[in-house]
Amino acid sequence: MRKALTICCAMLAVLASTLFASPASAIGYLDLPVPPPSDRIVIDVVTVNGTGCPAGTAAIAVSPDNTAFTVTYSAYTAQVGVGAAPTDWRKNCQLNIVVHVPHGFTYAISKVDYRGFASLAAGASAIERANYYFQGQSQTAYISHPFYGPLGDDWQTTDEVAVAALVWAPCGALRNLNINTELRAIAGTSDTTRTTSFITMDSTDGAINTTYHFAWAQCPR
């Protein structure tokens, strides 16, 4: 079965502003939100690790309008049952990147649109979850999205962070952004001797795109 899918997600990992730094209004950011800077945004990939993104299977690009960046996957599937190895039930990807933004600006990840494909037998379930944090900050809580069998279809979820709860990159400091995603396929009461259940950020005929949408602010002067 063709599993062409495009996963657009702008990675959300914040439950409340109390999890991290003070809200933007309390630390002097101006004119929220502001249009994206016109200068080019450069993203350096420091490390890409995980069973869901083996070497050479993930790439990053910035949108022309500097409002998002995209991670493209070519191998990211968790599965249980017939044909699955014992460790295939959980796959993860950890990205460590540096976003070079123009002087006077800072950014936050503001919105997450998850899309994928799941094929789950009756009694099986799956989870997609993600978080992110800047170097030197505590990790945010994972945001989890469960799916339940029987299911054989595309899936989509959306999360969005209010401006007051956004976690901003520190002004004037180059901090690595850590992005963690994970897929889990859970057998539950399904018959794993006769069925295969999976959730995927993979594609048989193309790439998977995970898009992280920026919010922009001006740093204090």
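Each residue of region 82-89 in order: what ³J(HN,Hα) in whole Hz does its phi give by Karplus 6.51 cos²θ - 1.76 cosθ + 1.60, θ = phi - 60°, with x for Gly and Pro?
Each residue's phi maps through the Karplus curve to give 4, x, 9, 6, x, 8, 6, 5 Hz.
Using only C-alpha atoms and all pairs of different ones, pull out the Kirkwood radius for region 42-218 in Å with one decimal.
Its Kirkwood hydrodynamic radius stands at 17.2 Å.
Read-outs throughout are calculated quantities, based only on the coordinates presented, and are distinct from any laboratory measurement. Quick caveat: nothing in here was measured; it's all calculated off a predicted structure.
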